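Each reported figure results from applying straightforward, stated rules to the coordinates on display, with no laboratory input. These numbers were taken from a predicted model, which means no experiment stands behind them. Because the Cβ atoms are built from the backbone with ideal geometry, glycine has one as well, and the counts that use them run over all protein chains shown.
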Amino acid sequence: MNQDQNNLSAAIEALLFIYGEPVEIKKIARTLKVEDLEVEEALKNLWEDAAREERGIFLIRKEDSVQLVTKPQFADLMQTIIKEDMQENLTPAALETLSIVAYAGPISRSEIEYIRGVNSSFTLRNLLLRGLVERMPDARRANAYVYKPSMDFLAHLGLSKIDDLPEFPKFREIVNQLWKKEVEPENKEIPKP
């Protein structure tokens, strides 16, 4: 394996880690500005590397998408972490993310990360496990998801609808203005992140 393949495998591993969900081969190629066949070759190398016993991760593939996941032998560790997370109060990061989802949802992970300025995969997973947010397919983009508050979230807060959140119209308008300002500077259509 040459240095370029090593670098591409490392870049793919980083990309899969950042996304935290299945990513299509074509999207990986487009993002890294390489050919699909180069991605396939680098994935083979990454697959072999991740399969080594001393690694805690591995790749799964379904059709034309791949995902970086923890190895099954660490399931007990994952259950311990999840149980601890569920027993603890929500972290400031979780509260911030939940607020963004509540006031701006449905909203994509990339939009949440744009607002927060940090990777939100782990926080969203935690909120999903707690049943406070729901994930659904994004009607605007294939193979992408949006997040919205769950019925359990509303029930927990004693709300009959999301509009009953404190100052919902005010904050919803702030969100709308945020996206509007992103479009206006050059007077051309810029899609939401």
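If you take the square roots of the eigenvalues of the alpha-carbon gyration tensor of the stretch 123-165 and sort them as a ≥ b ≥ c, do you get rounded (a/c under 1.5), prolate (a/b over b/c) or oblate?
In terms of gyration-tensor shape, oblate.
Where a ≥ b ≥ c are the square roots of the eigenvalues of the C-alpha gyration tensor, would you call the stretch 3-71 rounded, which needs a/c under 1.5, or, failing that, prolate if a/b is larger than b/c, or oblate? Because a/c hits 1.5 or more and a/b fails to exceed b/c, the stretch 3-71 counts as oblate.
Work out the FRET efficiency for Ile18 and Lys148 from their Cβ-Cβ distance, taking R0 = 22 Å, and round it to the nearest 0.05. Could you put the intermediate results ahead of the total?
Numbers: r = 22 Å, r/R0 = 1.02.
The pair Ile18/Lys148 has a calculated efficiency of 0.50.
How much net charge surrounds Ile162 when only the other residues with a Cβ under 11 Å from the Cβ of Ile162 are counted, with Lys and Arg +1 and Asp and Glu -1?
On the way: positive: Lys148, Lys161, Arg172; negative: Asp163, Asp164.
Value of the local net charge: +1.
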